[in-house]
1. Please list 3J(HN,Hα) in residue order for region 63-70, calculated via the Karplus relation 6.51 cos²θ - 1.76 cosθ + 1.60 where θ = phi - 60°; whole Hz, with x for glycine and proline.
2. Using a Förster distance of 41 Å, how high is the FRET efficiency between D41 and L114, based on the Cβ-Cβ distance and rounded to 0.05?
3. Return the long-range amide H neighbours of W88 (sequence gap of 5 or more, or a different chain), with a cut-off of under 5 Å between placed amide H atoms.
4. Tell me, what HN-Hα J-couplings in whole Hz come from the Karplus equation 6.51 cos²θ - 1.76 cosθ + 1.60 at θ = phi - 60° for each residue of region 80-95, using x for Gly and Pro?
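Every read-out reported here was derived from the displayed coordinates using simple, explicitly stated rules and does not represent laboratory data. What you are looking at is a predicted structure, and each value in this text was computed from that prediction instead of being measured. A quick note on method: Cβ atoms are made from the backbone with ideal geometry, for glycine too, and the neighbour counts reach across all protein chains shown.
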Amino acid sequence: MNDNSFFEDGDMPPILRRAKKDPLVSIGERTGLKRKYGLPDGRTIFIELDDDLELIEILDANRQLIGKIELRLIDEDDEQRNHYLLSWAYLDLAGDSYKRCGIGRTALQLHQELAEYPIVARDNDGIRQDDGSHLTGDAPGFVEQMRKEGLIKEG
């Protein structure tokens, strides 16, 4: 599954070179805001972003939704402070088998590659936010790891 013949001269794009563990391999379809990936176990997924870069959907090989990441663009007075606020993320619509495969990381890397502003997540302070941007379930650990890797900034 690590056949990189899709890339000219075997050059992996930065989104995959930066992946630290269980990298997904882009296996062909690479149009605009859609990417097709092969998981290490042989399954195929699609990662698709909407035009506003505020919704990232993860679909299985049959194009059934298995998870998504919802972001909200926060437009500050000082453009240097603009960012996307992580407001919802899950990857368990098809059970837990898609978790811990590198999908979330790759989705965030793709967003980082395309977006002008960084993603920010609130701290895990136990306070339920009206906008849904509080961390629950696996989110605190995921956000902590993505912060270490520079894919999510502190909010």
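1. In residue order, the calculated couplings are 6, 8, 5, 10, x, 7, 10, 9 Hz.
2. Numbers: r = 27 Å, r/R0 = 0.65.
It comes out at approximately 0.95.
3. For W88, whose amide H was placed from the backbone, the distant partners under 5 Å are E70.
4. With the stated coefficients, region 80-95 comes to 4, 9, 4, 6, 9, 8, 5, 10, 6, 8, 7, 8, 10, 5, 10, x Hz.
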